[in-house]
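Asks: Below is a structure I'd like to ask you about.
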Amino acid sequence: MVSLWPLTLICIFAFSISITHCKTLKRDVKALNEIKASLGWRVVYAWIGDDPCGDGDLPAWSGVTCSTQGDYRVVTGLEVYAVSIVGPFPIAVTNLLDLTRLDLHNNKLTGPIPPQIGRLRRLRVLNLRWNKLQDVLPPEIGELKRLTHLSLSFNNFKGEIPKELANLPELRYLYLQENHFTGRIPPELGNLQDLRHLDVGNNHLVGTIRELIRIEGSFPVLRNLYLNNNYLTGGVPAQLANLTNLEILHLSYNKMSGVIPVALAGIPKLTYLYLDHNQFSGRIPNAFYKHPLLKELYIEGNGFRPGVNPIGAHKVLELSDTDFLV
């Protein structure tokens, strides 16, 4: 029998040679060098060589992830965060058409997100929180059909939350808190079948919860709903109990009023309920005090009748980076 080992070794050797000489797509090299020129010395010192995906003995640039497609390498990830990058959002990023992950959080980026962001059709994670970005959100974000995680919190965005975000069928986590958004929360967001976490706290939003959940079957898998520190009015509708996966409901510091419906106590997984600093009145139904999972019920700063007691000790709840990446 003829041994196949020599042929196998030749194939492996040929494969390794092809990988060694696999070049990065010129489009991506050009884009990364433009980004390099715009981001400043804090990044440049770690970006050595002519090829961002690595060349010979030089490794890939720090924060750059590449993969092989055919005869070329392409950039699939750009993670440059917490290095005090100053300046406008680098438009050249939108030429990295194979990006699946873009993380520029905790820098000092300014100006708007360019409408060209809609070109990144393969993007799954977009994290721009803790910058100084401003202006309105471009509706082109709604073209990122594969997006699962979107964090734009702790910036200076203004205007209305674009209803085009409802065009992101795979979106799971949406962080918009700590901005200057105005207007109403688009009820179309309720059509997102995979949305688990929605945080629009600390903005200037108006409207009612009834308007938010007016679409039948809204938010089918939503677990965490943060509406705190806005200008929401009206009451808590009993229909909110249809969000049967809800675990956290944060309504603190709004202008809501009325009584708390007993139906809310029927949400089976409800664990944290924050009602404080509104204009609620009446009593808290006894069913809340018998709920098997409810750890915290915070009621301070309302007009409840005497004898209404809180449950647990209030603390700030925030998801960690690990939770964001799940």
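The values are calculated or read from the model by the stated rules, or taken from the named source; none is laboratory data. No experiment lies behind these values; they were computed from the predicted model shown. Cβ placement follows ideal geometry from the backbone for every residue including glycine, while neighbour counts extend to all protein chains displayed. Only protein heavy atoms, including side chains, enter the accessible area calculation; ligands, DNA and RNA are left aside. Shrake-Rupley method; radii C 1.70, N 1.55, O 1.52, S 1.80 Å.
Asks: Taking the range 168-260, which GluC sites (Glu not before Pro) meet the DSSP loop condition and have no more than 13 other C-beta atoms within 10 Å?
Replies: Values: sites: 170, 178, 188, 211, 216, 247; in loops: 170, 178, 216, 247.
Passing sites in the range 168-260 are 216.
Asks: Applying 1/(1 + (r/R0)^6) with R0 = 30 Å to the Cβ-Cβ distance of residue 136 and residue 239, what FRET efficiency is obtained, to the nearest 0.05?
Replies: On the way: r = 31 Å, r/R0 = 1.02.
Here the calculated transfer efficiency is 0.45.
Asks: With +1 on each Lys and Arg Cβ and -1 on each Asp and Glu Cβ, and nothing else charged, work out how big the dipole of the chain is about its Cα centre, in Debye to the nearest 20.
Replies: 520
Asks: Report the accessible area of residue 22, computed with a 1.4 Å probe over the heavy atoms of all protein chains in place, in Å² rounded to the nearest 10.
Replies: Approximately 10 Å² of residue 22 is accessible to the 1.4 Å probe.
Asks: Same structure again: Go ahead and estimate [θ] at 222 nm for the chain from helices alone: -39,500 (n - 2.57) per DSSP H run with n ≥ 4, summed, over the residue count, rounded to 500. Show your work: numbers first, answer last.
Replies: On the way: 6 runs with 46 residues, N = 326.
Dividing the helical sum by the residues of the chain leaves -3500 deg cm²/dmol.
Asks: Given the Cα-Cα distance of residue 269 and residue 84 and 0.36 nm per residue of separation, how much length would full extension add, in nm? Walk me through the numbers before you get to the answer.
Replies: Working: separation 185, 0.36 × 185 = 66.60 nm, distance 4.04 nm.
Here the segment from residue 269 to residue 84 would lengthen by 62.6 nm.
Asks: Still on this structure: Please turn the phi angles of the range 277-285 into ³J(HN,Hα) values with the Karplus equation 6.51 cos²θ - 1.76 cosθ + 1.60 (θ = phi - 60°), one per residue in order, whole Hz, x for glycine and proline.
Replies: Values, residue by residue: 6, 10, 10, 5, 9, x, 10, 8, x Hz.
Asks: Continuing with the same structure: Would you mind telling me which residue in 157, 304, 219 has the biggest mean-square fluctuation in a Gaussian network model of the chain, where springs connect alpha carbons within a distance under 10 angstrom?
Replies: 304
Asks: Also, quick follow-up: Rounded to the nearest 0.05, what FRET efficiency is calculated for residue 23 and residue 206 with R0 set to 41 Å and r the Cβ-Cβ distance? All intermediate terms of the calculation are to be shown ahead of the outcome.
Replies: Working: r = 54 Å, r/R0 = 1.31.
Efficiency at R0 = 41 Å is approximately 0.15.
Asks: Given the pairs 163/295; 30/108; 36/145; 163/269; 23/108, which span a C-alpha to C-alpha distance of over 31 angstrom in this model?
Replies: Values: 163/295 34 Å; 30/108 24 Å; 36/145 28 Å; 163/269 28 Å; 23/108 33 Å.
With Cα atoms farther than 31 Å apart: 163/295; 23/108.
Asks: A further question follows. Of 48, 260, which has the most accessible area with a 1.4 Å probe, and how do the rest follow in descending order?
Replies: On the way: 48 105, 260 5 Å².
Largest to smallest exposure gives the sequence 48, 260.
Asks: In square angstrom, what is the accessible area per residue of the chain with a 1.4 angstrom probe? Working shown, then result.
Replies: Details: 15800 Å² over 326 residues.
Value for the chain: 48 Å² per residue.
Asks: I'd like the accessible area for residue 67, computed on protein heavy atoms only with a 1.4 Å probe and all protein chains in place. Round to 10 Å², please.
Replies: Roughly 40 Å² of residue 67 is accessible to a 1.4 Å probe.
Asks: In the Gaussian network model of the chain, springs joining C-alpha atoms below 10 Å, which of 138, 59, 237 carries the largest mean-square fluctuation?
Replies: Checking each option, the largest mean-square fluctuation is seen for 59.
Asks: Counting DSSP beta bridges in the chain, what percent are antiparallel, to the nearest 5?
Replies: Details: 8 of 54 bridges.
Antiparallel bridges make up about 15 percent of those DSSP assigns within the chain.
Asks: Projecting each Cα onto the charge dipole of the chain (Lys/Arg +1, Asp/Glu -1 at the beta carbon, about the Cα centre), which of 165, 120, 254 comes out farthest on the positive side?
Replies: Going by the charge dipole, the pick is 254.
Asks: Could I ask something else about it? From the C-alpha gyration tensor of the chain, pull out the three semi-axes of the equivalent ellipsoid (sqrt of 5λ each), sorted largest to smallest, in whole Å.
Replies: Values: eigenvalues 442, 102, 56 Å².
Calculated on Cα positions only, the semi-axes equal 47, 23, 17 Å.
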